Amino acid sequence: MSNAETTSLLLLITGEAAAPAAAVAGSFIDMFGAQLEGGPDVLRPYDLRHHQADDALLDLEPYAGISVTGSAAMLDEGAPWMRYSVRVIQSALEQERPFLGVCFGHQLLGLAAGGAVGPNPNGREMGTVEVEKTASGRSDALFAPFRDPFYAQVSHRDVITALGPELEVVATAPHDPHH
């Protein structure tokens, strides 16, 4: 395995950036890459939307970490690629791979970890949201460098409605307690 592989981040694609965001910041690859030392060159994008539920699992070993993008899709659609995505995330959890689920990826993580996902009882959340770290979030390696509170751009209807046994809340917001 080359050093480039062991320092790369697997970016699992589940959708396209919304047109207004893409016009300003580009694709999800551009957006994620802009936040990383090494830029988009350290990303290894992989589109999950071309899989059937029972396809052979993706080999996660070559990657230093895994992130899953957002999507306009809804989990209640139950598309085969979504079931495959949950299996990939379950494999990442079993292997204790560093993992970040963003938006739809966060919802997939909720399902993969045994939680429940559904419509937010507070309704759709969209726009710039103030997010506050929990005590766990303040000591979490990923979130410790973030300001507290910090601001995030969000657009989602569905949320994690019940935590799975492996999930711990690291951030919260008034409209969604499981950010």
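Some values worked out for this structure:
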{"quantity": "Qualifying positions in segment 82-104 - assigned to a helix (DSSP H, G or I) and touching a Gly at 6+ places or on another chain (Cβ under 7 Å)", "calculated": "F104"}
{"quantity": "Residue count, segment 78-90 (criterion: open to solvent by less than 30 Å² (accessible area, probe 1.4 Å) and among the polar types (S, T, N, Q))", "calculated": "1"}
{"quantity": "Residue match in segment 147-161 (condition: among the hydrophobic types (A, V, I, L, M, F, W, C) and closer than 19 Å to R49 by Cβ)", "calculated": "no"}
{"quantity": "Residue match in segment 91-100 (condition: touching a helix residue (DSSP H, G or I) at 6+ places or on another chain (Cβ under 9 Å), open to solvent by less than 20 Å² (accessible area, probe 1.4 Å), closer than 30 Å to P62 by Cβ and not hydroxyl-bearing (S, T, Y))", "calculated": "yes"}
{"quantity": "Residues satisfying the stated conditions in segment 108-154, i.e. within 28 Å of S91 (Cα to Cα), loosely packed, with under 14 Cβ neighbours inside 10 Å and either among the small types (G, A, S) or free of Cβ contacts under 8 Å to residues at least 40 places away in the same chain (or both)", "calculated": "A116, A135, S136, S139, A141, A144, P145"}
{"quantity": "Among residues of segment 113-154, those that are part of a loop (DSSP other than H, G, I, E, B) and either under 23 Å from A21 (Cβ atoms) or not hydrophobic (A, V, I, L, M, F, W, C) (or both), counted", "calculated": "16"}
{"quantity": "Selection within segment 155-179 - crowded, with 16+ Cβ neighbours inside 10 Å and closer than 22 Å to M31 by Cβ", "calculated": "H156, D158, V159, V170, A171, A173, D176, H179"}
{"quantity": "Test set (1) closer than 18 Å to F104 by Cα; (2) at pLDDT 90 or above - L60 fails condition number", "calculated": "(1)"}
{"quantity": "Residues that are of a type outside the set (G, A, S) and touching a helix residue (DSSP H, G or I) at 6+ places or on another chain (Cβ under 6 Å), drawn from segment 133-179", "calculated": "F143, D158, I160, E168, V170"}
{"quantity": "Only one of V131, V117, V170, V86 that is under 21 Å from G65 (Cα atoms), of a type in the set (A, V, I, L, M, F, W, C) and in contact with a strand residue (DSSP E or B) (Cβ under 9 Å, 6 or more places away or on another chain)", "calculated": "V170"}
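The values are calculated or read from the model by the stated rules, or taken from the named source; none is laboratory data. Because the structure is predicted, anything quoted here is derived from the model rather than measured. Glycine also receives a Cβ, built like all others from the backbone with ideal geometry; neighbour counts cover every protein chain displayed. Heavy atoms of the whole protein, side chains included, go into the accessibility calculation; ligands, DNA and RNA do not. Shrake-Rupley method; radii C 1.70, N 1.55, O 1.52, S 1.80 Å.
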